[in-house]
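The values are calculated or read from the model by the stated rules, or taken from the named source; none is laboratory data. Small disclaimer: the values here were computed from a predicted structure and weren't measured. As a convention, Cβ positions derive from the backbone with ideal geometry for all residues, glycine included, and neighbour counts pool all protein chains shown. Please note that ligands, DNA and RNA were not included when accessible areas were found on the heavy atoms of the full protein model with its side chains. Shrake-Rupley method; radii C 1.70, N 1.55, O 1.52, S 1.80 Å.
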Amino acid sequence: MTRTPVIAGNWKMHLTRRKASALARAVAAHHAGAVHRRCILFPAFVHLDHVRRNIRGSGVVLGAQNCWGKKEGAFTGEISPYMLRDMGVEVVLLGHSERRHILGETDALLTDKLKVALRAKLEVLLCVGETRSEREEGRTLDVVKRQLRILRFVKDHQIPRVGVAYEPVWAIGTGLTATPAQAQEAHAAIRETVARILGDEAAENLPVLYGGSVKPGNAAELLSQPDVDGALVGGASLSIDQFGPILDAAPIA
Ligand code: PEP
């Protein structure tokens with residue numbers, strides 16, 4: 001069984017509408033025609049529609065960086081996964097470390113978001129990862145396993161719409177990268193944990209992406225690890241000069 005490599009760009013709270021549209025066009029041109037990889041872009045909410053128009057027909061998939069955990073209601077400032085779906089979004093990122101650690105998102109909140117996003121027919125890319133102190137205390141795998149526990153709410157028919165991104169917090173935006181061996185160890189543990197929660201077949205087919213200072217110079221080696229199925233890229237996704245070579249590092253099966 002081969003898992004199609006996924007290269008995803010998380011644009012966070014960056015870019016103007018004009019720059020987001022131009023970058024989307026550049027990514028679309030670079031990716032168009034490639035069938036051996038998936039490319040997903042996660043622009044800011046306000047740029048989703050512009051990006052959508054600029055990637056049309058290229059195969060680039062539209063993603064959102066977050067959503068709320070209810071279908072609709074009095075939740076000022078929040079966005080329903082159903083609204084995202086209606087706008088053409090296919091994938092939502094949940095549990096990014098910036099949301100867990102800066103905005104205080106808990107596993108309980110993420111459980112609501114996961115359930116509603118899947119009900120809205122979105123794919124969910126769940127981010128997990130340990131802080132520097134958790135790694136130093138030898139708790140990496142415990143932390144990641146705990147964060148994965150919310151996957152027990154995924155129903156059988158929803159399993160093909162779930163992916164995981166392993167993003168060690170100490171490697172995000174810091175220039176520090178997990179070594180390929182560290183990434184492989186965590187990814188293998190993620191797959192084992194998912195096998196226990198959702199079954200062997202689900203685990204075998206699960207895309208597990210690595211994120212944390214992925215750059216053109218380290219992408220190929222990370223992506224060559226047997227359990228690394230793709231990359232979630234922050235800083236280096238903001239320029240086609242960097243993101244293009246990372247897209248090209250996706251192995252051809
Ligand atoms: C991220 O925000 O998901 C990320 C991995 O960022 P960076 O590549 O900048 O470390």
*Provide a single number: the residues in the stretch 217-229 that are within 12 Å of the ligand (Cβ to nearest atom) and closer than 16 Å to CYS39 by Cα.*
1
*Which condition breaks for ALA165 when tested against (1) within 11 Å of the ligand (Cβ to nearest atom); (2) in contact with a helix residue (DSSP H, G or I) (Cβ under 9 Å, 6 or more places away or on another chain)?*
(2)
*How do the pairs read when you match residues in the stretch 229-244 that are under 17 Å from VAL51 (Cβ atoms) and open to solvent by 10 Å² or more (accessible area, probe 1.4 Å) with residues anywhere that are more than 9 Å from the ligand (Cβ to nearest atom) and modelled with pLDDT of 95 or more, using Cβ under 6 Å and keeping only pairs 6 or more apart or on different chains?*
LEU238/HIS14; ILE240/ALA26
*Residue count, the stretch 172-196 (criterion: within 11 Å of the ligand (Cβ to nearest atom) and over 15 Å from GLN225 (Cβ atoms))*: 5
_Exactly one of these conditions fails for LEU209: (1) of a type outside the set (Asp, Glu); (2) in a helix (DSSP H, G or I); (3) open to solvent by less than 10 Å² (accessible area, probe 1.4 Å). Give me its number._
(2)
*Return a yes/no flag: does the stretch 68-82 have any residue that is within 19 Å of GLU167 (Cβ to Cβ), modelled with pLDDT of 95 or more and buried (at least 17 other Cβ atoms within 10 Å of the Cβ).*
no
*Residues of the stretch 1-22 being within 20 Å of PRO216 (Cα to Cα) and not in a loop (DSSP other than H, G, I, E, B), which ones?*
VAL6, ILE7, ALA8, GLY9, ASN10
*asked:* Checking the condition under 19 Å from THR177 (Cα atoms) and within 16 Å of the ligand (Cβ to nearest atom), which residue from VAL92, VAL124, VAL128 passes?
replied: VAL128
